[in-house]
Amino acid sequence: MDEMQNPADDAQLDLNLGPAGIQLQDDLEGDTLREECGVFGIFGHPSAAAITALGLHALQHRGQEAAGIVSFDGARFHSERRLGLVGDTFSRREVIERLPGSTAIGHVRYSTTGATILRNVQPLFAELNAGGFAVGHNGNLTNGLTLRRELVRNGAMMQSTTDTEVILHLVAQSKRNRFIDRFIEALRAIEGAYSLVSMTNKKLIGARDPLGIRPLVLGELDGCPILASETCALDIIGARYVRDVENGEVVVFSEEGTQSIKPFPPMPPRPCIFEYIYFARPDSVVGGRSVYLIRKNLGQELAGEAPAQADVVVPVPDSGVPAGIGYSQASGIPYELGIIRNHYVGRTFIQPTQAIRESGVKLKHNANRAVVAGKRIVLVDDSLVRGTTSMKIVRMMREAGAKEVHFRIASPPITHPDYYGIDTPERANLLAANHTVEEMRQIIGADSLAFLSVPGVYRAMGEKGRDPVRPQFTDHCFTGDYPTGLTDQTAHETSPRQLSLLAEAS
């Protein structure tokens, strides 16, 4: 979510904060894109909260800063929202017992700007004149700040600093008689990317933006409908995958049955290409495509476009593993785990000295010297953002005795920031936006550097090519082709992170 934060909030728990609460660059995570959020909901099941907690466990990769569940027991709504991982709170029986009822929705969160504060943890809940309403949101509203300012001018009192709360207020202020009509009227006012899972005292509602940028799937367990960001959340509870919620579709589940509403003019879907490259779990199926197989295909295409004379292919774990396997299979170069990742390291914070910061990458990655020493290696990773971690990994390989280090990226250069729920830096800090490939090679210290082309990505997706008029995917980070309006960005001519500070002054 794009968070328009209040630096005076006394609930900030993030130690990695600079002036005004803006999160400082994590020196150990410089080359990673940050996941957005994950949503889950189930209607009519006696173990709704426990099932939702399991679903959120499967979606933990989409947000590790906070988690929440709201349930309804037929008379009252119950809410538990906590900072930290799902298992920190929702593995405890006493917490689940505080969430009775047969309908529940849940959310895991990663904030794309600022600190994680308790009042921003979702699902958000409000009592409206028609009854209680809870909502969880994966994505980002590109006119959220503009709508927020208008709502505040009209008397709205915001309780959080997330763009998701705008949806609550739009629904509350609608003059429509039926709740679902109020909900749809709110959807028509927002722009950007969203997959929403919401609930009232009678309904479970899912909605996907008109282009289907963010994913949302429909499943079924014991005859009860389920909504989730990814199919892996269905697998963990033994649910059956039914279908993807279509782009621009609103699905409503109630005692009367299931209703599908399509309130927007039909248009071809444009799902986010980064769901396949990075965000979704490898064992998920997104838009009918296996994420794992797509990532292997990306590596195979990369091997064809950017071959290297080398002795071993080494993936940068964990995100580079499937592409590394594909590169190895296509090139015939043996695949080895030349870098070992420590999966038991928690979130990293600013260290007290520059020397410790410089060596800190070894907290999570360490060279497997027996595989690397004396070898010409091909490092395969999924993306390159700022270049800081890439520099350290190249240096690590050389210190482990690698004879040559050839870096291969299984996606095109990231030249434009994201405004749809991915935490990318402003363009000035995107390495590929300001340097040629040769300059980047010199910066990270590799013997060679190459990226997969945009056509190569589309081939890996099973497409003949990128349609220049109606692209099949949202790929703006590579092409600058933003598929929706960018009202807040255009109005303020600033970055996603800076938009949060503008909200404070309004």
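The values are calculated or read from the model by the stated rules, or taken from the named source; none is laboratory data. A quick note: this is a predicted structure, and the numbers were derived from the prediction, not measured. Using ideal geometry, Cβ is built from the backbone for each residue, glycine included, and neighbour counts are taken over all protein chains shown. Side chains included, ligands, DNA and RNA excluded: accessible areas come from the protein's heavy atoms. Shrake-Rupley method; radii C 1.70, N 1.55, O 1.52, S 1.80 Å.
These residues, 392, 175, 296, go from largest to smallest accessible area, 1.4 Å probe, as 175, 296, 392. Decide, for the chain, between rounded, prolate and oblate: order the square roots of the alpha carbon gyration tensor eigenvalues as a ≥ b ≥ c, take rounded if a/c falls under 1.5, and otherwise choose prolate if a/b is larger than b/c, else oblate. Prolate shape, in that a/c is at least 1.5 and a/b is the bigger ratio.
Protein heavy-atom accessible surface, 1.4 Å probe, per residue over the range 57-126: 34 Å².
Restricting attention to the chain, the count of lysine pairs at 8 or more positions apart or across chains with alpha carbons under 27 Å apart stands at 20.
Which shape class applies to the range 121-165: rounded if a/c is under 1.5, otherwise prolate when a/b exceeds b/c and oblate if not, where a ≥ b ≥ c are the square roots of the Cα gyration tensor eigenvalues? Present the calculation step by step, with values, prior to reporting the outcome.
Numbers: a/c = 2.12, a/b = 1.14, b/c = 1.87.
Verdict is oblate for the range 121-165.
Of the trypsin sites (Lys or Arg not before Pro) found in the range 407-489, the ones in coil according to DSSP and having at most 16 other Cβ atoms within 10 Å of their Cβ are 464.
Largest first, what is the accessible-area ranking of 77, 253 with a 1.4 Å probe? Numbers along the way, then the final one.
Working: 77 40, 253 5 Å².
Largest to smallest exposure gives the sequence 77, 253.
Longest exposed-loop-site-free stretch of the chain, with GluC sites (Glu not before Pro), DSSP loop and at most 11 other Cβ within 10 Å?
Numbers: sites that count: 255, 256, 493.
The longest such stretch corresponds to 1-254.
For the range 100-238, averaging the sequence separation of C-alpha pairs within contact (under 8 Å, six or more residues apart) and dividing by the residue count gives a relative contact order of 21 percent. The heavy atoms of residue 222 present about 120 square angstrom of accessible area, all protein chains included, probe 1.4 Å.
Quick check: from the Cα gyration tensor, does the range 52-184 come out rounded (a/c under 1.5), prolate or oblate?
Working: a/c = 2.24, a/b = 1.32, b/c = 1.69.
It comes out oblate by the Cα gyration axes.
Can you tell me the accessible area per residue over the range 201-344, all protein chains present, probe 1.4 angstrom, in square angstrom?
On a per-residue basis, the range 201-344 sits at 39 Å².
Split the accessible area of the chain by element, probe 1.4 Å, and carbon with sulfur accounts for 51%. Computed from backbone phi, the HN-Hα couplings of the range 254-271 come to 8, 4, 7, x, 10, 10, 10, 10, 10, x, 10, x, x, 8, x, x, 9, x Hz, rounded to whole numbers (Karplus: 6.51 cos²θ - 1.76 cosθ + 1.60, θ = phi - 60°; Gly and Pro given as x).
For the chain, averaging the sequence separation of C-alpha pairs within contact (under 8 Å, six or more residues apart) and dividing by the residue count gives a relative contact order of 16 percent.
Helical runs assigned H by DSSP (4 residues or longer) give the chain a calculated mean residue ellipticity at 222 nm of -7500 deg cm²/dmol, each run adding -39500 (n - 2.57) before division by the residue total.
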